[in-house]
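First comes the structure, then the notes that go with it.
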Amino acid sequence: QVQFVESGGGLVQAGASLRLSCAASGRTSGSYVMGWFRQAPGKEREFVAGMRWTGGSTYYADSVKGRFTISRDNAKNTLYLQMNSLKPEDTAVYYCAARAGNIVGVIPRQYDYWGKGTQVTVSS
């Protein structure tokens, strides 16, 4: 079992930056894929970014490519999402998630472990 606690959300103006953190605890050893998802009011949860916990290629939704960067610090068991040039349409609750294995999935139901989320609000 893996548990996550997200932090770093907040209210910012368009064009600003935020860095989200996702601290993992519990059974963190093994092969995992990590992902960031977001859910805006009235919308379905959507994939934002993903990577293998051991490193390697990173994957992004088209809507955030070039603006967001996913990374991890193995020593701190922490996943990050650096968000630059934020837009009002980035407003959502952001979740980190994990699934066992090596394939980065983009569908929420492919992930087994979820944090409770952190709110990001971008004003125009």
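The values are calculated or read from the model by the stated rules, or taken from the named source; none is laboratory data. Everything numeric here is computed off the predicted structure, so don't read it as measured data. Ideal geometry is used to build each Cβ from the backbone, glycine not excepted, and the neighbour counts take in all protein chains shown. For accessibility, only protein heavy atoms count, side chains too; no ligands or nucleic acids. Shrake-Rupley method; radii C 1.70, N 1.55, O 1.52, S 1.80 Å.
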Point-to-point label distance, R27-S124, nm (Cα→Cβ direction, 7 Å offset): 4.7 nm
Name the aspartates and glutamates eligible as straight-distance cross-link partners of K116: C-alpha to C-alpha under 13 Å, and not fewer than 8 places from it in the same chain. E6
5 Å is the cut-off here: which amide hydrogens, built 1.01 Å from N in the peptide plane, fall below it relative to L86, excluding neighbours closer than 5 in sequence? G15, A16
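Roll a 1.4 angstrom probe over the protein heavy atoms and tell me the percent of accessible area of the chain that is carbon or sulfur.
Working: 2980 of 6350 Å².
It is 47 percent, rounded to a whole number.
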Report ³J(HN,Hα) in whole Hz for each residue of the stretch 72-86, in order, from the Karplus equation J = 6.51 cos²θ - 1.76 cosθ + 1.60 where θ = phi - 60°; Gly and Pro get x. 8, 10, 4, 5, 9, 6, 10, 9, 10, 9, 7, 10, 10, 6, 5
Mind giving me the nanometre distance, one decimal, between the label points for Q39 and N102, set 7 Å out from Cα along Cα→Cβ? 3.1 nm
Starting at the first residue of the stretch 91-97, write each ³J(HN,Hα) from the Karplus equation 6.51 cos²θ - 1.76 cosθ + 1.60 with θ = phi - 60°, in whole Hz, x for Gly and Pro. 4, 4, 8, 9, 10, 9, 8
I need the phi-derived Karplus couplings for the stretch 104-116: 6.51 cos²θ - 1.76 cosθ + 1.60, θ = phi - 60°, integer Hz, Gly and Pro marked x. 7, x, 10, 9, x, 5, 6, 9, 9, 10, 9, x, 8
Note down the magnitude of the dipole of the stretch 10-64 about its Cα centre, charges +1 on Lys and Arg C-beta and -1 on Asp and Glu C-beta and zero elsewhere, to the nearest 20 debye. 180 debye
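Can you give the accessible area per residue of the chain, in Å², using a 1.4 Å probe?
Each residue of the chain exposes 51 Å² on average to a 1.4 Å probe.
What relative contact order, as a whole-number percentage, does the chain give when Cα pairs under 8 Å and 6 or more residues apart are counted?
Computed value for the chain: 36 percent relative contact order.
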Amide H neighbours of V120 at under 5 Å, excluding residues fewer than 5 places away on the same chain, with H built from the backbone geometry, are G10, A92, V93, Y94
Nearest 5 is fine: what % of DSSP beta bridges in the chain come out antiparallel, could you say? 90 percent
If amide H atoms are modeled at 1.01 Å from N in the peptide plane, then the residues at a separation of 5 or more from Y32, or on another chain, having amide H under 5 Å from its own are W53, T54, G101
